[in-house]
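Shown next, in structure tokens, is the structure this report addresses.
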Amino acid sequence: MKIKVTKENCTGCKLCLQICTITHKHEINPKMAAITIDAHFPEPGTFEPRLCVQCGACAQACPVDAIHLEGDAYVIDEDECTNCEICVDACPIGVMFTHPDAPTPIKCDLCLKCTEVCNTSALTVVE
Amino acid sequence: MDGFGGTTLRINLATGEIKRTPTDPAFAREWMGARGFVSKLLYDEVPRDADPLGPDNIFIVAPGVMTGSFSPVGSKIGFGCISPATNGHADSSMGGHLGPELKYAGYDLIVLEKIAPEAQYLYIDNDTVELRSADKYWGMGSIDLEKRMKDDLGEDFQIATIGPAGENGIVFSCITHDFGRQAGRCGVGAVMGSKRIKAIAVRGTKSLPAHDLDAMTKLTCDIIERTKTHPNMAPWQKYGTAFFVGWSNERGCFPTKNFQKTYHEDWKKIDGERLVEECLVTHKACFGCWMNCGKYSRARIPGKPDTYVEGPEYETIALVGGSCAFTNIHHVAYANYLLDNLGMDTMSGGSTIAFAMECYQRGIITKDDLEGNELRWGNIDDFEHFLRMIAARRGIGDVFARGTKGAAESLGQDTIAFASQAKGMEFSGYDTRWYPAQLLSYCTSDIGAHHNRSWTITTDIELGRENYKGKAPVVVYLQHIRPLFDTWSCCRLFWGELDVTPEEHVETIRHLTGWDVTLDECFLVSEKIWNLNRAHYLERNGGPGRKHDVAPARHLSEPVPDGPAEGHTVGAENFEAMLDEYYAARGWDRDGNPTREVLDVLGIGFAADDLEKIGLLGKPLPGGIPKVRGQKLKPKAM
């Protein structure tokens, strides 16, 4: 199972960012989400949601083995993580996020809440 | 302080002093945000003789209680000042992402006082607040500048800008954000320009505290799930407000040729269908919105550069497309881009040019006034040339830079008869000659003729378009509920089009803030704001109130020449009778002055004292004021 991104459908509303942070951090703070949306305006006028594709590069890079595969998702063990951010540098597509108030890097754990609120099928679940 | 950023900023632009204070919880609870904050601050702080474009006006940036929350849909931010168009209270709101960003930076309210000694922009990065030089940005177009500042500061800044029109004091200048969202009305861009503030750039990374996040999240997720399948969702997502173009034409209320007509024979060439087919680049949403009414488009016109803009929305299609008689959607989209980038409201801007086109049609202005150019209906080159004359205040452009009322006063020759405006603000995109409650709505509005205060087209249909009696109390109700969304600072469309109830909005606010607030209390807040704005308007402009609630002659006495509304007009007697009914429904006297009884009930007895001092306090009503002002009738959706 993974999340499929259809960027042509994205409207830049950031509902996915909101529900992500509420779900994982219990905060209203889209800057702390495991998703980002790059907006390319005024030209060409496109949105580009970006989030983890569960490639595992972060887990390989982690010096303290704090990132584990659980089901289909690589998940950060916040107790083990030292917040060294080596995984952030190791991520090939720049979707290990950081935030000054977050104790560890932030990544998608495939909770799928974002796909539930998205009303344009920009984020969908595929097996 | 749950639901709020926690800090209020007050900035003296003349000295550069930046003062931070904790946001006052009692003030926030009483006035709730945005429009409410603006109303009270303007009343308290602006001298009654202050020039709207002078140092004693203040410029307010105010998100509201719902801004930035997980709700339907806290995307909005308000701007406030005394309007250069109406010389009264101005509040103008916009969606996009700026308001939430400001709350995430920790701010609930910004008050800018006086005038900066040189061009500046306000820079906010969480706790860092600075006035920075805008020398290199002065003169730039709104959209061009937003792109430039994102390049300079970073994509994660949210930015609001003014264009050359705002710098030059054009009274219908707007504030632009997110490449096409505007605080369009009331001339707020001109006041921002008069302060020499070219832009506001904000980055916020903090969390917004919530009283009961779990309850708010559940409520909002339930609403999202429920509204996804609402029958209005699909057309709104596909066309946005442009869906209304055909709807309005079929009902004979589509402004055409400066409201000479109310039906545009070629509306299918400029409607939502044509927009989506020919110009759509992407659907675009405000922060947290799952309805994405924004249509981001590209205009392609041979001989001109391709241009990108969010829109055109219904109001732009009506007041630029219909009123200037365009027959090509690319021309409307291009005109939209020009107005946006020059920094002018597409509604008042479109109307002002349509008014000028009629002046040209009648020979009141000629080629000699237009630098040898023409000003023909539906001609995009003529439109562009004249628009640039206005933006630069060149020649007769300076006359029209004052809007239709100001221009008519300067031109004379009874041009005021066909200036479709109330209190100096141009009509929204709905003709009123078959829709008398809409005319009453425009003419009694606190900010002038703007439909966001009261929109009654479906109400007029429901209650009978030829009927005049019984509509005024519904207008009062709408003038309380619709601006309530601008006070809460959330999008009104989820109520109007998707049947999210006001009670659900109040429940959201309770979960967000912990306030023990009710919908009845919110209605009283909205009514209080309305009455305070009325008192303020009278204190600035004299009285009696009735003399300001005036309809343009065209809309009273000139029958619609053709189309579905053919032959209809409101008539002065009917209009005056509606005004009588309206004042009674508000608890005001027949002169349109608020009474002490109603101001006391609303907790603003101080305004009664102020009105009494200048002889404009309403005479007590023999039977007392109505216990409830306004009659509930939710307008049907399209």
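The values are calculated or read from the model by the stated rules, or taken from the named source; none is laboratory data. In this text, all values refer to a predicted model and were calculated from it rather than measured experimentally. No Cβ is skipped: glycine too gets one built from the backbone with ideal geometry, and neighbour counts run over all protein chains shown.
The numbered conditions (1) away from chain B (no Cβ under 14 Å); (2) of a type outside the set (Lys, Arg); (3) more than 15 Å from the chain's Cα centre (by Cα) are all true for residue A:110 except (3). When the stretch B:191-222 is filtered for residues that are part of a helix (DSSP H, G or I) and within 11 Å of chain A (Cβ to nearest Cβ), the ones remaining, listed by number, are B:213, B:214, B:216, B:217, B:218, B:220, B:221.
Being farther than 30 Å from residue B:510 by Cα, surrounded by fewer than 22 Cβ atoms within 10 Å (Cβ to Cβ) and free of Cβ contacts under 8 Å to residues at least 60 places away in the same chain narrows it down to one of B:218, B:147, so name that one.
The match here is B:147.
Take the conditions in contact (Cβ under 8 Å) with a residue 12 or more places away in the chain and under 24 Å from residue A:39 (Cα atoms) and apply them to residue B:314. Does it pass? Answer is no for this residue. Restricting to the stretch B:249-268, name every residue that is buried (at least 24 other Cβ atoms within 10 Å of the Cβ), polar (S, T, N, Q) and in a loop (DSSP other than H, G, I, E, B). Of everything in the stretch B:249-268, those that are buried (at least 24 other Cβ atoms within 10 Å of the Cβ), polar (S, T, N, Q) and in a loop (DSSP other than H, G, I, E, B) turn out to be B:258, B:262. The single condition among (1) modelled with pLDDT under 95; (2) more than 29 Å from residue B:605 (Cβ to Cβ) that residue B:452 does not satisfy is (2). Scanning the stretch B:93-112 for residues that are over 14 Å from residue B:75 (Cα atoms) and touching a Phe, Trp or Tyr at 6+ places or on another chain (Cβ under 8 Å) yields B:109, B:111, B:112.
Within the stretch A:11-40, track down each residue that is polar (S, T, N, Q) and part of a loop (DSSP other than H, G, I, E, B).
A:11, A:29, listed by residue number.
Just one of (1) more than 12 Å from chain A (Cβ to nearest Cβ); (2) touching an Asp or Glu at 6+ places or on another chain (Cβ under 9 Å); (3) surrounded by 24 or more Cβ atoms within 10 Å (Cβ to Cβ); (4) over 24 Å from residue B:233 (Cα atoms) fails for residue B:340. It is (1). With respect to (1) part of a loop (DSSP other than H, G, I, E, B); (2) closer than 30 Å to residue B:1 by Cβ, the lone exception for residue B:469 is condition (2). Take the conditions (1) surrounded by fewer than 22 Cβ atoms within 10 Å (Cβ to Cβ); (2) more than 30 Å from residue B:611 (Cα to Cα); (3) in contact with a Ser or Thr (Cβ under 8 Å, 6 or more places away or on another chain); residue B:23 misses just one of them, which is (2). Here the stretch B:72-84 is the region considered, the condition is being among the β-branched types (Val, Ile, Thr) and away from chain A (no Cβ under 14 Å), and the residue that is surrounded by the fewest Cβ atoms within 10 Å (Cβ to Cβ) is B:82. Of all the numbered requirements in (1) at negative phi; (2) without any contact (Cβ under 8 Å) to a residue 12 or more places away in the chain, residue B:372 misses one, and that requirement is (1).
Working only within the stretch B:115-138, note down all residues that are out of contact with any Phe, Trp or Tyr (no Cβ under 6 Å at 6 or more places or on another chain), more than 14 Å from chain A (Cβ to nearest Cβ) and surrounded by fewer than 15 Cβ atoms within 10 Å (Cβ to Cβ).
Across the stretch B:115-138, the qualifying residues are B:117, B:118, B:133, B:135, B:136.
Whether a residue is in contact (Cβ under 8 Å) with a residue 12 or more places away in the chain and in contact with an Asp or Glu (Cβ under 7 Å, 6 or more places away or on another chain) was assessed, and residue B:588 does not pass this test.
Restricted to the stretch B:90-103, and to residues there that are of a type in the set (A, V, I, L, M, F, W, C) and more than 14 Å from every other protein chain (Cβ to nearest Cβ), the residue that is surrounded by the most Cβ atoms within 10 Å (Cβ to Cβ) is B:90. Might you let me know whether the stretch A:58-74 holds any residue that is surrounded by fewer than 21 Cβ atoms within 10 Å (Cβ to Cβ), more than 14 Å from chain B (Cβ to nearest Cβ), within 14 Å of the chain's Cα centre (by Cα) and among the hydrophobic types (A, V, I, L, M, F, W, C)? Yes.
Can you give me the number of residues within the stretch B:269-302 that are among the charged types (D, E, K, R), in a loop (DSSP other than H, G, I, E, B) and either within 14 Å of chain A (Cβ to nearest Cβ) or within 30 Å of residue A:28 (Cα to Cα) (or both)? Of the residues in the stretch B:269-302, 1 are among the charged types (D, E, K, R), in a loop (DSSP other than H, G, I, E, B) and either within 14 Å of chain A (Cβ to nearest Cβ) or within 30 Å of residue A:28 (Cα to Cα) (or both). Checking each residue of the stretch A:15-35 against the condition of being closer than 17 Å to residue A:116 by Cβ, within 14 Å of chain B (Cβ to nearest Cβ), touching a Gly at 6+ places or on another chain (Cβ under 7 Å) and of a type outside the set (D, E, K, R) gives at least one match.
Once the stretch B:38-71 is narrowed to residues that are among the hydroxyl-bearing types (Ser, Thr, Tyr) and within 21 Å of the chain's Cα centre (by Cα), the residue that is surrounded by the fewest Cβ atoms within 10 Å (Cβ to Cβ) is B:43.
Annotation note: of A:43, A:8, the sole residue that is part of a loop (DSSP other than H, G, I, E, B), surrounded by fewer than 18 Cβ atoms within 10 Å (Cβ to Cβ) and at the interface with chain B (Cβ under 8 Å from one of its Cβ atoms) is A:43. Checked against (1) more than 8 Å from chain B (Cβ to nearest Cβ); (2) surrounded by 14 or more Cβ atoms within 10 Å (Cβ to Cβ); (3) of a type in the set (A, V, I, L, M); (4) farther than 30 Å from residue B:295 by Cβ, residue A:51 passes all but condition (4).
Scanning for something part of a helix (DSSP H, G or I), of a type in the set (Ser, Thr, Tyr) and outside the structural domain of residue B:375 (by TED's automatic domain parsing), does the stretch B:305-328 turn up at least one residue? Among the residues of the stretch B:305-328, not one is part of a helix (DSSP H, G or I), of a type in the set (Ser, Thr, Tyr) and outside the structural domain of residue B:375 (by TED's automatic domain parsing), which makes the answer no.
What residue, among those in the stretch B:223-233 that are within 10 Å of chain A (Cβ to nearest Cβ) and outside any loop (DSSP other than H, G, I, E, B), is farthest from residue A:113 (Cα to Cα)? Among those that are within 10 Å of chain A (Cβ to nearest Cβ) and outside any loop (DSSP other than H, G, I, E, B), it is B:233.
Among the residues making up the stretch B:599-616, a single one is out of contact with any Leu (no Cβ under 9 Å at 6 or more places or on another chain) and assigned to a loop (DSSP other than H, G, I, E, B): B:615. Of all residues in the stretch B:331-367, which are acidic (Asp, Glu) and under 21 Å from residue B:178 (Cβ atoms)? The answer is B:340, B:345.
Out of B:87, B:12, report the one residue that is of a type outside the set (Gly, Ala, Ser), in contact with an Asp or Glu (Cβ under 6 Å, 6 or more places away or on another chain), touching a residue at least 24 places away in the same chain (Cβ under 8 Å) and more than 14 Å from chain A (Cβ to nearest Cβ).
Testing whether each residue is of a type outside the set (Gly, Ala, Ser), in contact with an Asp or Glu (Cβ under 6 Å, 6 or more places away or on another chain), touching a residue at least 24 places away in the same chain (Cβ under 8 Å) and more than 14 Å from chain A (Cβ to nearest Cβ) leaves just B:12.
When B:62, B:50 are checked against the criterion of being part of a strand (DSSP E or B) and closer than 17 Å to residue B:113 by Cα, a single residue qualifies: B:62.
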